[in-house]
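Read-outs throughout are calculated quantities, based only on the coordinates presented, and are distinct from any laboratory measurement. All figures in this text were calculated on a predicted structure; none of them were measured in a lab. Here the Cβ positions follow ideal geometry from the backbone for every residue, glycine too, while neighbour counts run over all protein chains shown.
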Amino acid sequence: MLKNFLRPRRVVITGIGCVTPIGIGRERFWASLEAGISGIRRIRSFDPTGHAVQIAGEVPDFDWEAELSPKDRKHVARTVPLALAAAREAIADAGLDTAGMSIDERRKIGVEIGTGGGGLAFTERQYSYWYNGPQSKASVYTIPSSTHGGLSSEISMALGLRGLSHVVSTGCTSSTDAIFYAAQHIALGRQDIMIAGGVDAPIAPGIMAGFDLMTVVTRDWNNEPHRASRPFAAGRSGIVAAEGSYLFVLEGLEAAIARNSKIYAEITGYGATCDAYHRVRLDDSGIEPARAMTLALEDAGVAADALDYVNLHGTSTVLNDRIETAAVKAALGPHAYRIPMSATKSQVGHPQGASGAAGIAAALCAMTTSVVPPTINLDEADPECDLDYVPNTARRAEVNTALCNCIGFGSKNSAIVLEKVR
């Protein structure tokens, strides 16, 4: 299998595409991050009146129809246009012209997408048509469009990409894992370019009711949505579900230099573990999340004292934030107290399987602009959450090395290290 393998290629990020609750496009997303803007609002995609949870992080003013042909619009999940918009931006940002490429060139470009819910909201809508009518609105493609694996194929087909086309679904760590697997394909010479990242769109009545049944979403801020997502704050009461798409172009360093590409960062380390503990709840010890971060740092050959920034999972649940704080301390030791950290979910909500990619997009913002985004709504920190979360206001800081942490349902933990190319 690896008979021609000599040494791994270095893998860099050369394109970014973002469709988020705080802005469509990389530049708007970054500007809103730095300004500390919240993207949490009353739900618009359905009437939430009478629901216990009436708020979410939805993408406002998104022209989803522009991303699809008229014949496809009733047959795909919302994740598809979200992903297509981000992929097209990332490809343009990387200076690639996929439409003008030969078939052989497009065979060297793969797609690796992370998603938690995939097309579940689409499936829920189809059930509504079947059982409540009108049945004529139901899609003949309900099965393939409800299956997670079809998501990457939609991107491949729309853009004519002939390389591998895979979906990773590992809960909230999905996109972190997908980005690493994409990097691995490039490092091993199996693909030259990868479109990788995460997308999710879980805002639907039944899904929101399911989250509420698990008691993981906050019911307390329906009248003040912008204050609802509050990682590490005293009195926090749960996640705010969100949608969004964060995709990247990955390629080999030498190829990027040859193309004279803008290079955002190099992916240098990855670690993943499993608590093997519970379907939803974290093990109180925090040992395995800490070990995932340690493995990522060891893989990168980066010492804890060399880190300039940590992007935290920061869900805004009482348990997760407390355990993640303890895990960071265990992984980084005394250096944990001096490193600025922030939780992107305080602004965009919790985009499920796209969480890791959202954090990586935020870390790339910090590395590119030398501005660390804040953790908003951190008016008073939980006494057990005592690290530097960059409360409420962005901070100027040189960021050359960043650690992005992710924790998911099913006891999964993943972390990635990014470094500026030297």
(message) Which of rounded, prolate or oblate describes the range 294-335 when judged by the alpha-carbon gyration tensor and an a/c cut-off of 1.5?
(response) prolate
(message) Suppose only helical runs count, i.e. DSSP H with n ≥ 4. What mean residue ellipticity at 222 nm does that imply for the chain under -39500 (n - 2.57) per run, divided by all residues and rounded to the nearest 500 deg cm²/dmol?
(response) -9500 deg cm²/dmol
(request) Could you please state, rounded to a whole Å, how far the C-alpha centre of the range 302-329 is from the C-alpha centre of the range 42-67? (result) 30
(message) Please list, in order along the range 207-219, the HN-Hα scalar couplings obtained from phi with the Karplus expression 6.51 cos²θ - 1.76 cosθ + 1.60 (θ = phi - 60°), rounded to whole Hz, x for Gly and Pro.
(response) 5, 4, 5, x, 4, 5, 4, 7, 6, 9, 9, 7, 9
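Arranged from highest to lowest average of other beta-carbon atoms within 10 Å per residue, in what order do the peptides 243-253, 143-153 appear?
On the way: 243-253: 29.0, 143-153: 18.9.
Averaged packing, sorted descending, gives the order 243-253, 143-153.
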(request) Over the alpha-carbon set of the range 354-422, work out the extent along each principal axis and list the three values in angstrom, largest first. (result) 39, 33, 18
(message) List the lysines whose Cα sits under 26 Å from the Cα of residue 412, skipping any in the same chain fewer than 8 residues away.
(response) 329, 345
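With +1 assigned to the C-beta of every Lys and Arg and -1 to the C-beta of every Asp and Glu, and no other charges, what is the dipole magnitude of the chain about the Cα centre in debye, to the nearest 20?
Values: 39 positive and 45 negative charges, 167 e Å.
Charge dipole of the chain: 800 debye, to the nearest 20.
By the scheme Lys and Arg +1, Asp and Glu -1, what is the net charge of all other residues having a beta-carbon under 9 Å from that of residue 371? Walk me through the intermediate numbers first.
Details: positive: 395, 396; negative: 34.
Taking every Cβ under 9 Å from that of residue 371, the sum is +1.
Determine the dipole magnitude for the range 269-419: charges of +1 sit on the beta-carbon of Lys and Arg, -1 on that of Asp and Glu, nothing else is charged, the reference point is the Cα centre, and the result goes in debye to the nearest 20. Can you show the working numbers first?
Values: 10 positive and 18 negative charges, 69 e Å.
Once rounded to the nearest 20, the dipole reads 320 debye.
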(request) Report, as a whole number in µm² per second, the diffusion coefficient that Stokes-Einstein gives for the range 11-258 at 37 °C and 0.692 mPa s using the Kirkwood radius over alpha carbon pairs. (result) 174
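If you count, for each residue, the other Cβ atoms within 10 Å and average over each peptide, how do 225-232, 168-175 line up from highest to lowest?
Values: 225-232: 25.1, 168-175: 27.0.
Highest mean packing first, the order is 168-175, 225-232.
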(request) Please report, largest first and rounded to whole Å, the three semi-axes of the ellipsoid equivalent to the range 134-243, where each semi-axis is the square root of five times an eigenvalue of the C-alpha gyration tensor. (result) 33, 22, 10
(request) Compute the Cα gyration tensor for the range 269-419, then decide on rounded, prolate or oblate, letting a ≥ b ≥ c be the square roots of its eigenvalues: rounded whenever a/c is under 1.5, prolate when a/b is larger than b/c in the other cases, and oblate in all that remain. (result) rounded
(request) Once every Cα of the chain carries one equal point scatterer and solvent is ignored, give the base-10 log of I(q)/I(0) from the Debye formula at q = 0.11 Å⁻¹, two decimals. (result) -0.75
(message) I need to check one value: relative contact order of the chain, counting alpha carbon pairs closer than 8 Å and at least 6 residues apart, in percent.
(response) 23
